[in-house]
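The values are calculated or read from the model by the stated rules, or taken from the named source; none is laboratory data. Everything quoted here is computed from the prediction, not taken from an experiment. Cβ atoms come from the backbone with ideal geometry, glycine included; neighbour counts cover every protein chain shown. In case anyone asks, the SASA skips ligands and DNA or RNA and just uses the protein heavy atoms, side chains included. Shrake-Rupley method; radii C 1.70, N 1.55, O 1.52, S 1.80 Å.
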Amino acid sequence: MKIAIGSDHVGLVLKEPIKKWFYELGYEIIDVGTNKLERTDYPLFGKEVAKLVANKEVDLGVIFCGTGVGISLAANKIKGIRAVVCSEPYSAKLSKEHNNTNILSLGSRVIGLELAKMIINEWINANFEGGRHQKRIDMY
Ligand code: RB5
């Protein structure tokens, strides 16, 4: 499993421990930054992760900002990207099974580390169900 990660300066506080956890799980990681607490702009990193996912250079992307909202909106501007913001595991799981999301976006000001891990786990281990769901995805 190869995962691209990215965040702004606010999301960094969640990206760093999640990155460490991903390494422990044996995932291959591309970290597009930011790696500094200095103020920056979330679209830079959301779009960078989105391009890696869209170009199939990685399997999935996980992105972080304060709410997860801004960076997901930026990622969704890239063709082929279906990024979802989640703050609980149920929607994360269903977003993969029904919507085939390829980027998960989390808010460091919204959720803590353990909940983030739970959400990520559900999302990564869920599988797209295809069928009627593919037909709907093909409509947009
Ligand atoms: C940065 O202050 C904040 O706006 C950003 O991290 C994010 O929450 C935007 O959606």
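Remarks
- Boolean, L73 is at negative phi, touching a residue at least 12 places away in the same chain (Cβ under 8 Å), away from the ligand (no atom under 16 Å from the Cβ) and part of a helix (DSSP H, G or I): no
- The set of residues from the stretch 58-75 being touching an Asp or Glu at 6+ places or on another chain (Cβ under 7 Å) and of a type in the set (A, V, I, L, M) comprises just one member, I71.
- Taken together, the residues in the stretch 27-46 that are part of a loop (DSSP other than H, G, I, E, B) and closer than 19 Å to I103 by Cα amount to 5.
- For the stretch 109-118, filtering for residues that are assigned to a loop (DSSP other than H, G, I, E, B) and crowded, with 22+ Cβ neighbours inside 10 Å leaves 0.
- Among residues of the stretch 13-41, those that are within 13 Å of the chain's Cα centre (by Cα) and within 16 Å of the ligand (Cβ to nearest atom), counted: 4
- Restricting the stretch 42-69 to residues that are free of Cβ contacts under 8 Å to residues at least 40 places away in the same chain and not hydrophobic (A, V, I, L, M, F, W, C) leaves a set whose member that is nearest to the ligand (Cβ to nearest atom) is Y42.
- If you go through the stretch 97-140 and keep only what is within 20 Å of G80 (Cα to Cα) and either touching a Pro at 6+ places or on another chain (Cβ under 7 Å) or basic (K, R) (or both), you end up with R132, K135, R136.
- Failed condition for V13, given (1) within 21 Å of I111 (Cα to Cα); (2) open to solvent by less than 10 Å² (accessible area, probe 1.4 Å): (2)
- Filter result for K93 (under 12 Å from A50 (Cα atoms) and open to solvent by 20 Å² or more (accessible area, probe 1.4 Å)): no
- Of residues in the stretch 45-72 being in contact with a Ser or Thr (Cβ under 8 Å, 6 or more places away or on another chain) and surrounded by fewer than 24 Cβ atoms within 10 Å (Cβ to Cβ), the one farthest from P17 (Cα to Cα): V69
- Residue selection: I111 satisfies the criterion of being farther than 18 Å from L60 by Cβ and at pLDDT 95 or above.
- Among the residues making up the stretch 80-115, those that are charged (D, E, K, R) and within 16 Å of I3 (Cα to Cα) are R82, K96.
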